[in-house]
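Colleague: Before anything else, here's the structure in question.
The values are calculated or read from the model by the stated rules, or taken from the named source; none is laboratory data. Treat the numbers as computed from the prediction; the structure is a model and nothing was measured. Glycine also receives a Cβ, built like all others from the backbone with ideal geometry; neighbour counts cover every protein chain displayed.
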Amino acid sequence: MTTITVLDPTSSPSIATAGMAERPDTLTGKRIGLLYNDKLNAGELLDAIYEVLADRFDMAPSHRVSKGNASRPADSELLKAFASEVDIALLANGD
């Protein structure tokens with residue numbers, strides 16, 4: 001007689017929180033940064049998300065920055081300057 005072992009491939013979901021930024025209580029008055037790459041529709045996606053948030057919260061105007069080439073990481077100086085201008089950052093890829 002052959003024994004067959006059946007394994008259950010499911011597991012409980014695990015949400016990693018280490019290294020995540022703390023969520024603000026509100027977006028009211030916050031400076032929202034939109035950081036996008038140059039892929040098709042990335043800027044439009046962020047603009048649409050910003051508009052939805054702007055309908056719900058009285059936010060400061062957005063600070064919109066392109067990181068440039070989608071295949072390369074953003075330059076560290078660009079990220080430092082961007083971070084100094086915003087309270088909240090939204091990022092998107094296009095396509």
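Colleague: Using the structure shown, decide if Asp8 is in a loop (DSSP other than H, G, I, E, B), among the acidic types (Asp, Glu) and in contact (Cβ under 8 Å) with a residue 24 or more places away in the chain.
Modeller: no
Colleague: Related question: If I ask for residues that are surrounded by 13 or more Cβ atoms within 10 Å (Cβ to Cβ), over 13 Å from the mean Cα position of the chain (by Cα) and in a loop (DSSP other than H, G, I, E, B), which ones from the range 25-56 would you list?
Modeller: Leu27, Lys30, Arg31, Asp38, Lys39, Asn41
Colleague: Oh, and also: In this structure, does Ala83 turn out to be at pLDDT below 90 and either surrounded by fewer than 15 Cβ atoms within 10 Å (Cβ to Cβ) or of a type in the set (S, T, N, Q) (or both)?
Modeller: No, not satisfied.
Colleague: What's the number of the only condition in (1) surrounded by 10 or more Cβ atoms within 10 Å (Cβ to Cβ); (2) in contact with a strand residue (DSSP E or B) (Cβ under 9 Å, 6 or more places away or on another chain) that Ala21 fails to meet?
Modeller: Result: Ala21 fails condition (1) only.
Colleague: Keeping to the range 57-95, report how many residues are in a loop (DSSP other than H, G, I, E, B) and without any contact (Cβ under 8 Å) to a residue 40 or more places away in the chain.
Modeller: Counting residues in the range 57-95 that are in a loop (DSSP other than H, G, I, E, B) and without any contact (Cβ under 8 Å) to a residue 40 or more places away in the chain gives 15.
Colleague: Taking the range 39-73 on its own, how many of its residues are of a type in the set (A, V, I, L, M, F, W, C) and more than 13 Å from Ile88 (Cβ to Cβ)?
Modeller: Residues that pass the stated criteria total 7.
Colleague: With at pLDDT 90 or above and at positive phi as the only criterion, which of Gly33, Gly68, Gly29 stands out?
Modeller: Gly29
Colleague: How about the range 58-95: which of its residues are over 30 Å from Asp25 (Cβ atoms), in contact with a Lys or Arg (Cβ under 9 Å, 6 or more places away or on another chain) and not aliphatic (A, V, I, L, M)?
Modeller: Residues satisfying the conditions are Pro73, Asp75, Gly94, Asp95.
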